[in-house]
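Step one of this worksheet: look at the structure below.
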Amino acid sequence: MSSLSIPQVTYLGGHPDRADTIPGLTAVVDRSGIRLRRSFRRFLAVRWDALRGLDVRTPGLLTLALSFRPGHDDGSSLHLHLDRDVYRFHVRDLPAAQLRAQLASWAVAAAGAPTPLPAMPTPPPPVSHGPLDVVRMSLDLWRAAGLGRESLSDRSTLAYRLSLAENHRRSGRYDEALALLEPLAGAAAEAFGPVDEDTLKVRNELGQAYLEAGQVDDGLDVLREVVSAAEHLHGPDSPLTLVFRNNLAVAYQHAGQYAQAIGLHEQNVRHTEHSQGRRSLETIGRRNNLAATLALAGYRERAIELYWEVLDALPDGHRSHALAVTARQNLAILHNPSWTP
């Protein structure tokens, strides 16, 4: 499918140089972007790489009035978000659900066979820049290992060491992070119990450090144990369990094991819906995480459908919420057939 033609489009505004409402347009969607034209003359064009958000929904009363269709709701609103402007259109006689389906089908067909994002590569070994850098790296590792072996007396000390280890991990100093976390996990279990909340947090950090250091099997083993312990102790839908399960899903995703990652995100969506309701921001956020993983796994159409669910679940007063902005941005990306994970 080389292009998609959408007739009976009315321009409603948004372009700084085009203030008038203009009916009788045709939208042409192809690999270059979305073009609006009258007969054989181009009206305006938006490239995919310039599109910052895409939204299609049932029009409100004001949109219907501007499109000269008062009292009729058989069309749809199409909004194209750019850096500074939002181009607004009304599509006559094409309900929002049908327009969304047409755009998604075209994007999937134009993109061709899906290619998932490959597994996260093993990080390269740290590079030293001369003898002084070697000494500094050795001292950092020695300090981390020494601090990890010191006795653990209270939760404030645990929190400090956990924060320090997290800083090491986020900075790519995985040896230092592991030198702190491996003994800290054992000390926390001895001091506070193996299924204590703080102990589980240390083991969660340890699992992530293993994973990012390239020790994928060790990382997944630890994170699976953490999720199992949290489910047993706190319940399958507790906030702590949901966080740990999400982290395990991200770990599977980084390892290229998308079926497991998707299954865990789906569990989180179900549990959050059960405890907080389908339209809670927490549930919508979990659904957003699932959509992102589906997109990276190459399931473009399923991801598009789920991002529409995210937008539809948000109340009207949350159109500027970070989840709405992210969903619109990702919908624009996923409809670009040239995009690959």
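The values are calculated or read from the model by the stated rules, or taken from the named source; none is laboratory data. The shown structure was predicted, so the numbers you read here are calculated from the model rather than taken from an experiment. With ideal geometry, Cβ positions are generated from the backbone for all residues, glycine too; neighbour counts draw on all protein chains shown. We work out accessible area using only protein heavy atoms, side chains counted, and drop any ligands, DNA or RNA first. Shrake-Rupley method; radii C 1.70, N 1.55, O 1.52, S 1.80 Å.
Its relative contact order, with pairs defined as Cα atoms under 8 Å and 6+ residues apart, puts the range 217-331 at 16 percent. Normalising the Debye intensity of the range 193-293 to I(0), with uniform scatterers on Cα atoms only, and taking log10 at q = 0.11, 0.15, 0.23 Å⁻¹ returns -0.30, -0.56, -1.17. Rounded to the nearest 20, the size of the Cβ-charge dipole of the range 160-311 about its Cα centre is 560 debye, with Lys and Arg at +1 and Asp and Glu at -1.
The length gained by stretching the chain between Gln102 and Arg224 to full extension, at 0.36 nm per residue less their Cα-Cα distance, is 39.9 nm.
For the chain, take the longest principal axis of its alpha carbons; what is the angle in degrees between that and the long axis of helix 322-334, to the nearest 10 within 0 to 90? The answer is roughly 70 degrees. Along the chain, counting only trypsin sites (Lys or Arg not before Pro) with a DSSP assignment other than H, G, I, E or B and at most 15 other Cβ atoms inside a 10 Å radius, the longest segment between sites is 85-277.
On a per residue basis, the chain carries 49 Å² of accessible surface, using protein heavy atoms and a 1.4 Å probe. For the chain, a simple Cβ point-charge model (Lys and Arg +1, Asp and Glu -1, everything else neutral) yields a dipole of about 1740 debye relative to the Cα centre. Once the Cα atoms are used to define both axes, helix 131-149 deviates from the longest principal axis of the chain by about 70 degrees.
Given R0 = 45 Å, the distance between the Cβ atoms of Ala113 and Arg18 translates into a calculated FRET efficiency of 0.70. Over all distinct Cα-Cα pairs of the range 225-341, the Kirkwood formula returns a hydrodynamic radius of 14.6 Å. Here the chain has 53 percent of its accessible surface on carbon and sulfur atoms, given a 1.4 Å probe and all protein chains in place. At q = 0.07, 0.10, 0.15 Å⁻¹, what is the base-10 log of I(q)/I(0) for the chain according to the Debye formula with one equal point scatterer per Cα and no solvent? Please give it to two decimals. Ignoring solvent entirely, the Cα scatterers give -0.42, -0.73, -1.17. For Asp55, Asp93, Asp217, the ranking by accessible surface with the largest value first comes to Asp217, Asp93, Asp55, using a 1.4 Å probe.
Think of the chain as having a plus end and a minus end, set by charges on the Cβ of Lys, Arg, Asp and Glu; of Ala313, Leu242, Leu54, Leu54 sits farthest toward the positive end of this dipole. Placing unit charges on the Cβ atoms of the charged side chains and taking the dipole of the chain about its Cα centre, the candidate lying farthest along the positive direction among Gly256, Ile6, Ala291 is Ile6. Once the Cα-Cα distance is subtracted from the 0.36 nm per residue extended length, the Ala50 to Glu190 segment shows a gain of 44.9 nm. Taking the C-alpha atoms only, the angle from helix 216-234 to the longest principal axis of the chain is near 90 degrees. In this simple spin-label approximation, Ser2 and Arg84 carry label points 7 Å from Cα along the Cα→Cβ vector, and these lie 3.6 nm apart.
Once C-alpha pairs closer than 8 Å and six or more residues apart are averaged by separation and normalised to the residue number of the chain, the relative contact order reads 15 percent. Largest first, the three principal axis extents of the alpha carbons in the range 140-260 are 40, 29, 18 Å in whole numbers.
The range 163-202 and the range 275-294 have their alpha-carbon centroids 29 Å apart.
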